[in-house]
Amino acid sequence: MNIDKIDRWHQTKKGLITFGLVELAVAYLLTSKAIDNGSLIVYVLALVAFIGGVKNLYNLSSKKVVKS
């Protein structure tokens with residue numbers, strides 16, 4: 001897959017759900033790792049992943065998305 005195909009798929013409902021859930025899962029794993037290590041950088045990465053996941057799921061309900 002090239003970047004254009006991934007970007008078009010990301011604009012669909014299935015793409016937003018998939019990216020949102022994967023980012024939330026990554027945020028959970030990074031948060032667990034940050035708690036274990038106490039690393040501020042890992043906390044920041046977890047926050048970025050969490051915000052990205054929430055943004056994707058919010059866009060699912062608020063924007064017009066391409067039907068998948």
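The values are calculated or read from the model by the stated rules, or taken from the named source; none is laboratory data. The structure displayed is predicted, hence computed values, not measured ones. Note: ideal-geometry Cβ built from the backbone for every residue, glycine included; neighbour counts use all protein chains shown.
Couple of notes before you dig in:
- The C-beta contact set for the range 50-64 (first residue at pLDDT 95 or above, second residue outside any helix (DSSP H, G or I) and exposed (fewer than 14 other Cβ atoms within 10 Å of the Cβ), distance under 6 angstrom, 6+ apart or interchain) is empty.
- Filtered residues of the range 25-38 (kept if in a helix (DSSP H, G or I) and surrounded by fewer than 17 Cβ atoms within 10 Å (Cβ to Cβ)): Ala25, Tyr28, Leu29, Ser32, Lys33, Ile35, Asp36, Asn37
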